[in-house]
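The values are calculated or read from the model by the stated rules, or taken from the named source; none is laboratory data. For clarity, every value in this text was computed on a predicted model and none was experimentally measured. We place every Cβ from the backbone using ideal geometry, glycine too, and count neighbours over all the protein chains shown.
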Amino acid sequence: MNFKEDVLPKLTQGVVKFSENKYVRVICYGMMAIMPISLVGSLAMIIAGLPFIPAPMREVCTLGAQIASNLITVYAVIALAAVMAKECKQDTITSVIMAIACFFILTPIRSFEKIQAIEVSYLGSKGMFVGIIVALLSIRLYAFLMDKRIFIRMPEAVPRGIAKSFEAIVPAFILLISALILNTLFQLTPFGNMHDVVYTFLQRPLQNLGSSIWSAALLMLLSELLWFFGIHGSLVTSSILNALFATQAYANLEAVAAGAKPEFVLNMFFMESFKGPRALALATLLVIYCRSQRLKAVGRVALFPSIFGITEPMKFGIPMVLNPWLLVPMTFSAVISILIAWVATLIGFLPIISLNVSRQIPPVIQGFMVAGWRGAAIQILQYVVIVLLYIPFLRQVDRIDIAAESVNKPVEAGA
């Protein structure tokens, strides 16, 4: 059996089919859409934590962080509904309104003397899974009703804008009545609402799975292993990573915004910040360590993008894709980096990460922003370890290239 001709096409087809699944794609791009709000909230917390910030400005920044974190599920419902509407070819604004209405129907309202209010916890990280489920299913049902033309048909003479409003009435009625019936059924359970049922039987078990370093390491390994076969591993695994680690990240941000201590060591912000400066480490080696002129040229092209975590020039320029000599460092560098940061957190050197700092920010600066000088120190340590991991394997690739250059022969990937 030929791997490249028999196994690889089937493997690629299966992974691509999973990554192109409608619901996986919606979760992936929907969760990516709410990242800017968490970045702003994290930036507000960083500013609020500076010792020289005046008290009024600290209060404003803290409020900004709370608005970002305590309402994160509302933003997720909006983003997911908008992406789902696009996938189902439905009107975006109407779809978002439907999803938000269904979500609030299924969210319990508490009475406090003469005041009725929704608990903030249900709008933050605790309600994330309900938000995802409601956004996906409500828009799917709405699209089904519209596709089956279960709506009021207006005469052709009626302007299209007005006709669209009338067309949404019947689907909206069915959606909202369904949500009300569902909410009533959940109220009959010992839990009293959908949020607590989902949190108990789905979200909490997934959070427990997300608390395992082995699940984190496995997903890091899988992401880079898929890149070895030329498949964008981050896109494939991002929906799984979000399911396992996003709620912990937003729970930590909520805790810090409320003046409490974060509790989840493993979370999405941690994973994004401490996967290691792999791109920069490899690009530096290509320029400084390698003697092959071709590899040096690839390194010079890739050096500047690598500062911002962009690896594609090296993945396809060296190439790293389908190159057996680089399989080990390519797949294990992220795993080792996560393990270093995890151990550093367990022993108390690195604080529990509760801030979202863009992974496009250069290493060391990013580490400092997310965890002070300790975060910068860990990223420097990761850089050194990644360099040492790559050297013995890159040496062989360099030798092959030098030999080919000496006889002016083209080099095949993985030769």
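Structure data summary
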quantity: Count of the range 146-157 residues which are part of a helix (DSSP H, G or I) and surrounded by 17 or more Cβ atoms within 10 Å (Cβ to Cβ); calculated: 1
quantity: Test: residue 340 is under 30 Å from residue 213 (Cα atoms), in contact with a Pro (Cβ under 6 Å, 6 or more places away or on another chain) and surrounded by fewer than 21 Cβ atoms within 10 Å (Cβ to Cβ); calculated: no
quantity: Unique match (being closer than 24 Å to residue 39 by Cα, among the hydrophobic types (A, V, I, L, M, F, W, C) and in contact (Cβ under 8 Å) with a residue 40 or more places away in the chain) among 335, 397, 357, 387; calculated: 357
quantity: Residue that is nearest to residue 310 (Cα to Cα), among those in the range 218-250 that are among the polar types (S, T, N, Q) and at pLDDT below 80; calculated: 234
quantity: Cross-chain or 6+ apart pairs with Cβ under 7 Å, the range 202-217 first and not assigned by TED's automatic domain parsing to the domain that holds residue 244, then among the hydroxyl-bearing types (Ser, Thr, Tyr); calculated: 203/247; 207/247; 209/215
quantity: Residue match in the range 278-298 (condition: within 14 Å of residue 228 (Cβ to Cβ), within 23 Å of the chain's Cα centre (by Cα) and crowded, with 18+ Cβ neighbours inside 10 Å); calculated: yes
quantity: Check on residue 181, among the β-branched types (Val, Ile, Thr), at pLDDT 95 or above and part of a helix (DSSP H, G or I); calculated: yes
quantity: Residue check, residue 94 within 14 Å of residue 146 (Cβ to Cβ) and part of a helix (DSSP H, G or I); calculated: yes
quantity: Top-ranked residue in the range 226-238 [being assigned to a helix (DSSP H, G or I) and over 12 Å from the mean Cα position of the chain (by Cα); ranked as surrounded by the most Cβ atoms within 10 Å (Cβ to Cβ)]; calculated: 233
quantity: Residues located in the range 108-120, provided they are in contact (Cβ under 8 Å) with a residue 40 or more places away in the chain and closer than 14 Å to residue 193 by Cβ; calculated: 108
quantity: Qualifying residue in the range 191-207 (condition: over 19 Å from residue 74 (Cα atoms) and polar (S, T, N, Q)); calculated: yes
quantity: Filter pass, residue 189 being assigned by TED's automatic domain parsing to the domain that holds residue 140 and in a loop (DSSP other than H, G, I, E, B); calculated: yes
quantity: Among residues of the range 359-378, those that are assigned to a loop (DSSP other than H, G, I, E, B) and over 20 Å from residue 247 (Cβ atoms), counted; calculated: 5
quantity: Residue 95 in contact (Cβ under 8 Å) with a residue 60 or more places away in the chain, crowded, with 17+ Cβ neighbours inside 10 Å and of a type in the set (Ser, Thr, Tyr); calculated: no
quantity: Evaluation of residue 264 against (1) surrounded by fewer than 15 Cβ atoms within 10 Å (Cβ to Cβ); (2) touching a residue at least 12 places away in the same chain (Cβ under 8 Å) (one fails), failing number; calculated: (1)
quantity: Residue list for the range 353-387, restricted to those being among the charged types (D, E, K, R) and farther than 20 Å from residue 262 by Cα; calculated: 359
quantity: Checklist (1) touching a residue at least 12 places away in the same chain (Cβ under 8 Å); (2) more than 30 Å from residue 242 (Cα to Cα) applied to residue 163, failing item; calculated: (1)
quantity: Which listed residue is among the charged types (D, E, K, R) and buried (at least 20 other Cβ atoms within 10 Å of the Cβ), from 126, 86; calculated: 126
